[in-house]
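Colleague: Below you will find the structure I want to go over with you.
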Amino acid sequence: MSSRQVLLPADDYGRLADRLSALVHDIEPLLWSRDGVTLADGTPVADTNGIPVGSATYTPAAAWVSIGLLFGGDLAGFVEAALAPGTLRWTQACLAGTDAPPFQRLVADGVQLSRSDAPNDATAEHTMSLILHTLHGWEVRIDRRRAGVWLQVPWRELRGSRWLVIGFGSIGRKLAALARPFGAVVVGARRSVADAVDLGAADAMVTMEALADELPLADVVVLTCPLTDETRGLVDAKFLASLRDDAVLVNVARGSVIDADALLAWLDEDRPATAVLDVFDIEPLPADSPLWNHPKVVMTTHIGGAGSGMPSRNDDLFISQLDSFLAGHTPRLLVEG
């Protein structure tokens, strides 16, 4: 590539310094913080807007958005600084979802953007735990225990249940690999015709056009699809009316995949259905949202991918992808422009 400069958050450099220096292709790390951009030795290179300091050369070709930057830093400022010289060609993100405006700015400017599959294992495990929690009725069990009530009642097994996983990508396949040994039947749904990997990962595959036939059959419906123009508001009143009365609807995708008003109306009807939600159309969820204390809602605070192993998997992904980029190969997991 024309430049060896790679922009990354200053807070993450110390952890990766040895691995970056061990790459076959030499690089010049540029460390971004709210105070500006420096070389690894602290020499100033650019200000917070990405304007070179003095005669310094500031031409980043690659950049990395780490977890620390995304949740504790200034993502918009980092992206502005990365784009300023017009040399940026590729950026590695730390999450599967790249619908945040700064990420979309990168794509709009013609920069190749790779999403991350590092959160997928954790998201699948988290989803599995939420479904087990819901089907087994753990909230009621815990309430009885705290009240000192000894009551032996039947509970709902996973074996023989039918799961419809909408958006059967990496997360969906990992979830299926956890659910099927329990005896669950997994049907994957995706936009395109299933490939051989999908056929081996699920008991059956359907296209999105066949959802209307599958929804009434599913005990559990899991949303793992990306947020696109096609999936925004996918779960509307018609979709919800097609579900079984005792269905469990799980959303670990994006909040806006579900029409929030339609969901509340569905939950308020006289049926034993449950909504299991890790994501919401407005985050943080407003304090006055009825979802907080709704008796038919099980919820977590968008932590599906926040497993203990996710940061190290993201480090590994960035190093691997950067090595591929430096060698002139096309990085994996590219977001379609």
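Colleague: Quickly run through the stretch 272-320 and pick out the residues that are among the aromatic types (Phe, Trp, Tyr), more than 20 Å from LEU234 (Cα to Cα) and in contact with a helix residue (DSSP H, G or I) (Cβ under 8 Å, 6 or more places away or on another chain).
Modeller: PHE318
Colleague: For the stretch 232-337, list the helices (runs of 4 or more DSSP H) that sit wholly inside it and hold at least 1 residues that are farther than 30 Å from LEU7 by Cα; which are they?
Modeller: By residue number, 237-241, 260-267.
Colleague: Kindly indicate which of THR228, THR274, THR224 is modelled with pLDDT under 95 and of a type in the set (Ser, Thr, Tyr).
Modeller: After ruling out the rest, the residue left standing is THR228.
Colleague: Anything in the stretch 117-172 that is outside any loop (DSSP other than H, G, I, E, B), touching a strand residue (DSSP E or B) at 6+ places or on another chain (Cβ under 8 Å) and not acidic (Asp, Glu)? List them, or say none.
Modeller: Listed by number, the residues that qualify are THR127, LEU130, ILE131, HIS133, THR134, LEU135, ARG162, TRP163, LEU164, VAL165, ILE166, GLY172.
Colleague: Can you name the number of the only condition in (1) under 15 Å from PHE318 (Cα atoms); (2) of a type in the set (D, E, K, R); (3) more than 24 Å from the chain's Cα centre (by Cα) that ARG15 fails?
Modeller: Single failed check for ARG15: (3).
Colleague: Report yes if some residue within the stretch 44-65 is hydrophobic (A, V, I, L, M, F, W, C), assigned to a helix (DSSP H, G or I) and farther than 22 Å from LEU326 by Cβ; otherwise report no.
Modeller: Looking through the stretch 44-65, none of the residues is hydrophobic (A, V, I, L, M, F, W, C), assigned to a helix (DSSP H, G or I) and farther than 22 Å from LEU326 by Cβ.
Colleague: Can you find a residue that is farther than 24 Å from HIS302 by Cβ, open to solvent by 40 Å² or more (accessible area, probe 1.4 Å), at pLDDT below 95 and not polar (S, T, N, Q) anywhere in the stretch 176-191?
Modeller: yes
Colleague: Working only within the stretch 60-76, note down all residues that are open to solvent by 10 Å² or more (accessible area, probe 1.4 Å) and either among the charged types (D, E, K, R) or over 11 Å from PRO9 (Cβ atoms) (or both).
Modeller: PHE71, ASP74, ALA76, listed by residue number.
Colleague: Let me ask another. Restricting attention to the stretch 18-32, report how many residues are of a type outside the set (D, E, K, R), under 27 Å from the mean Cα position of the chain (by Cα) and either in a helix (DSSP H, G or I) or surrounded by fewer than 18 Cβ atoms within 10 Å (Cβ to Cβ) (or both).
Modeller: Number satisfying all stated conditions: 1.
Colleague: Is it true that ASP203 is at pLDDT 95 or above, acidic (Asp, Glu) and either open to solvent by less than 10 Å² (accessible area, probe 1.4 Å) or in contact with a helix residue (DSSP H, G or I) (Cβ under 8 Å, 6 or more places away or on another chain) (or both)?
Modeller: The answer is yes for ASP203.
The values are calculated or read from the model by the stated rules, or taken from the named source; none is laboratory data. Here the structure is a predicted model, which is why all the values come from computation and not from measurement. Every residue, glycine among them, receives a Cβ derived from its backbone with ideal geometry; neighbour counts consider all protein chains shown. Please note that ligands, DNA and RNA were not included when accessible areas were found on the heavy atoms of the full protein model with its side chains. Shrake-Rupley method; radii C 1.70, N 1.55, O 1.52, S 1.80 Å.
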